[in-house]
Amino acid sequence: MSTTDQDAALQLDALTGAGCYRVFVDTMSGSLERRPELDKLLDQLRPGDTLVVWRLDRLGRSIRHLIDQLQALADRGIGFRSLQETIDTTSPGGRLVFHVFAALAEFERDLIRERTNAGLSAARARGRNGGRPPQLSADQVKTARRMYEQQDMTVAQIGNVLGVSRTTIHRTLNRQPEPTAPRRASRTGTAG
């Protein structure tokens, strides 16, 4: 549970009233990636235990994060109960609610994936390629290849000269050079 001073007592009273014998309190924002007390709590849970929270947002700030957390608990044989939303995964009705949440989250992910793919396809149809723009210009790539072939500098030194990382130089050197367009033969003729 995460708390602020205004509702800490309310949450503690509700959890104690629900039969919780051990309460973990994170005073940091739940939106943070690391929550030490939550991590400690999750580490101490064993199969057959039930994690009780005052409200769903005490466990996860986004529906995706919450679903992932609940799935991880279910996989470990741990029940879940939210007092405010009256969800209890140890009961058939609670499991149904959880599965509806999971289905909605999966549906949302699928919609996002479809929209992303449609946008990429439309951009490709207009002649645009997605992805990050190259860090090195064509001239810089030629310079990097020439410096590497001379074997006077390390890959890291070449990166320093060109202002990019060693990894970028490795990636550039491993990529096949762009084929050059064949030159058209010029025709000259004389008319007689």
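The values are calculated or read from the model by the stated rules, or taken from the named source; none is laboratory data. In this text the structure is predicted, and so the values were computed from the model without any measurement. Counting neighbours? That spans all protein chains shown, and the Cβs are built from the backbone with ideal geometry, glycine included. Surface accessibility is based on the protein's heavy atoms, side chains included, excluding ligands, DNA and RNA. Shrake-Rupley method; radii C 1.70, N 1.55, O 1.52, S 1.80 Å.
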- request: Mind listing whichever residues of the range 149-158 are part of a helix (DSSP H, G or I) and either surrounded by fewer than 14 Cβ atoms within 10 Å (Cβ to Cβ) or modelled with pLDDT under 90 (or both)?
  value: GLU149, GLN150, VAL155, ALA156, GLN157
message: Quick test for you: out of THR180, THR190, THR172, pick the one residue that is outside any loop (DSSP other than H, G, I, E, B) and either surrounded by 10 or more Cβ atoms within 10 Å (Cβ to Cβ) or modelled with pLDDT under 90 (or both).
response: THR172
- prompt: Within the range 53-106, can you find the residues that are of a type in the set (Asp, Glu), touching a residue at least 12 places away in the same chain (Cβ under 8 Å) and either out of contact with any Gly (no Cβ under 9 Å at 6 or more places or on another chain) or over 19 Å from VAL23 (Cα atoms) (or both)?
  reply: GLU85
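Regarding VAL97, is this residue surrounded by 10 or more Cβ atoms within 10 Å (Cβ to Cβ), among the β-branched types (Val, Ile, Thr), modelled with pLDDT under 90 and under 30 Å from LEU12 (Cβ atoms)?
Values: surrounded by 10 or more Cβ atoms within 10 Å (Cβ to Cβ): yes; among the β-branched types (Val, Ile, Thr): yes; modelled with pLDDT under 90: yes; under 30 Å from LEU12 (Cβ atoms): yes.
The answer is yes for VAL97.
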- prompt: Given the structure, is LEU73 open to solvent by 70 Å² or more (accessible area, probe 1.4 Å), modelled with pLDDT of 85 or more and hydrophobic (A, V, I, L, M, F, W, C)?
  reply: no
field: Filter result for the condition that a residue is assigned to a helix (DSSP H, G or I), modelled with pLDDT under 90 and open to solvent by less than 90 Å² (accessible area, probe 1.4 Å), over GLY119, GLY131, GLY127
entry: GLY119
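Tell me the residue from ARG81, ARG64 that is open to solvent by 60 Å² or more (accessible area, probe 1.4 Å), at pLDDT below 80 and within 16 Å of HIS99 (Cα to Cα), please.
Working: ARG81 fails: at pLDDT below 80.
That would be ARG64, the only listed residue that is open to solvent by 60 Å² or more (accessible area, probe 1.4 Å), at pLDDT below 80 and within 16 Å of HIS99 (Cα to Cα).
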